[in-house]
Number of protein chains: 2
Amino acid sequence: MSEKAIFYHAGCPVCVDAERRLAESLDPQKFDVEIVHLGQDKGRIAEAERAGVKSVPALVIAGQPYHINFGAELSALK
Amino acid sequence: MSEKAIFYHAGCPVCVDAERRLAESLDPQKFDVEIVHLGQDKGRIAEAERAGVKSVPALVIAGQPYHINFGAELSALK
């Protein structure tokens, strides 16, 4: 069964590049990737924070945050 | 043809986790992933620097660095 991975971003250039290069490059046999734009879906910022996300772009896999480079602080999206 | 991706690390806990979760989770149809331990293979630190790597763990895909969380500064490995 594939594992859930959530990619949080905010539409920034660093985010878009990370989405294209990493989030969309995960093995589809292993992961079911959901892409969440926190700028458009602010209702999910709290969920990202609870998973430990401090900035975007970030991937959350098995509840663990993986920050990829740096686009924007999560606090700047509120 | 699969694209080359290089994962640079230094054996730190953050590195090992990122390797297991991300470097080994890239789509094998898209990427040929090489794992480089810069603590053991210091001769490749300069190559990582040229690609823009500032800290480990990091992935380099198509010449672009993707820093994943933070384990250690590259300068600390010299």
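Per-structure values
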quantity	calculated
Between A and B, accessible area buried - total, square angstrom, nearest 100, 1.4 angstrom probe	1700 Å²
Computed magnitude of the charge dipole of the protein assembly as shown (debye, nearest 20; Cβ of K, R +1, Cβ of D, E -1)	360 debye
Nitroxide proxy distance, nm - points 7 Å out along Cα→Cβ at A:ALA62 and B:ASP27	2.3 nm
The range B:31-78: Rg to Rh, with Rh as the Kirkwood radius over Cα pairs	0.92
Chain A Cβ-axis minimum, rotational copy B, residue and distance in Å	A:ASP27, 2
Estimated FRET transfer efficiency when R0 is 25 angstrom, pair A:VAL16-A:LYS54 (beta carbons, to 0.05)	0.80
Threshold 50 Å², the range A:44-70 residues less accessible with all protein chains present than alone (1.4 Å probe)	A:TYR66, A:ASN69
Cβ-placed point charges (K, R +1; D, E -1), dipole of the range B:7-78 about Cα centre in debye, nearest 20	180 debye
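The values are calculated or read from the model by the stated rules, or taken from the named source; none is laboratory data. Everything quoted here is computed from the prediction, not taken from an experiment. Don't worry about glycine lacking a Cβ; one is built from the backbone with ideal geometry, like all the others, and counts go over all protein chains shown. Accessible surface areas use protein heavy atoms only, side chains included; no ligands, DNA or RNA. Shrake-Rupley method; radii C 1.70, N 1.55, O 1.52, S 1.80 Å.
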